[in-house]
Amino acid sequence: PEYARPGETVSFADGFPLLLTTTASLDALNALIAQGDHADEGPLPMNRFRPSVVVAGTDAWAEDGWSRLAIGDVSFRVAKTCGRCLVTTTDQGTGERGREPLYSLGRHRRLDGNLVFGQNLVPLSRGTIRVGDPVSILE
């Protein structure tokens, strides 16, 4: 309720309909991990963050400045940055836990007490998005 607008609903998600990340931000995070105290845990794959949309061709952290975008013919509003939890420290293939990415996010990507990576999206229109659809930043 704190971030939703009238008529917005969510199903089959823990908070928001979509989570957007970018390959450039993952590359930047992996560079921070490589320079940190737990370099042996990196580089991390994108699946640690469980995004539903991954955008390539941007600058690192560019998504932090977006408030509206379109993917194909569907428009979205950026509701808020995504605060990350302990699940991101779990290797999806082995189930083993480490300290990353939370250690590096805590040192470099803290916002309002949350360790952040990615943006939560809410669709403003109905439609289908597909791999390879163009992404347009509207605001």
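Please enumerate the residues belonging to the stretch 101-139 that are in a helix (DSSP H, G or I) and among the basic types (K, R).
Of everything in the stretch 101-139, just one residue is in a helix (DSSP H, G or I) and among the basic types (K, R), namely R107.
For the stretch 65-88, a tally of residues being open to solvent by less than 40 Å² (accessible area, probe 1.4 Å) and either of a type in the set (F, W, Y) or without any contact (Cβ under 8 Å) to a residue 24 or more places away in the chain (or both) returns 2. The residues of the stretch 14-46 that are modelled with pLDDT of 95 or more, open to solvent by 30 Å² or more (accessible area, probe 1.4 Å) and either within 21 Å of V131 (Cβ to Cβ) or in contact with a Cys (Cβ under 6 Å, 6 or more places away or on another chain) (or both), listed by number, are T23, D27, P45, M46. Only one entry of D133, D73, D59, D64 meets the criterion of being farther than 20 Å from L18 by Cβ and of a type outside the set (S, T, Y), and that entry is D59. Remark: pairs (first residue in the stretch 94-115, under 13 Å from A31 (Cβ atoms) and open to solvent by less than 30 Å² (accessible area, probe 1.4 Å); second residue part of a loop (DSSP other than H, G, I, E, B) and acidic (D, E); Cβ separation under 8 Å; 6+ apart in sequence or on different chains) are absent.
The values are calculated or read from the model by the stated rules, or taken from the named source; none is laboratory data. Because the structure is predicted, anything quoted here is derived from the model rather than measured. Quick reminder, even Gly has a Cβ in these numbers, built from the backbone with ideal geometry, and neighbours come from all protein chains shown. Note: accessible area is taken over every heavy atom of the protein model, side chains too, but ligands, DNA and RNA are not part of it. Shrake-Rupley method; radii C 1.70, N 1.55, O 1.52, S 1.80 Å.
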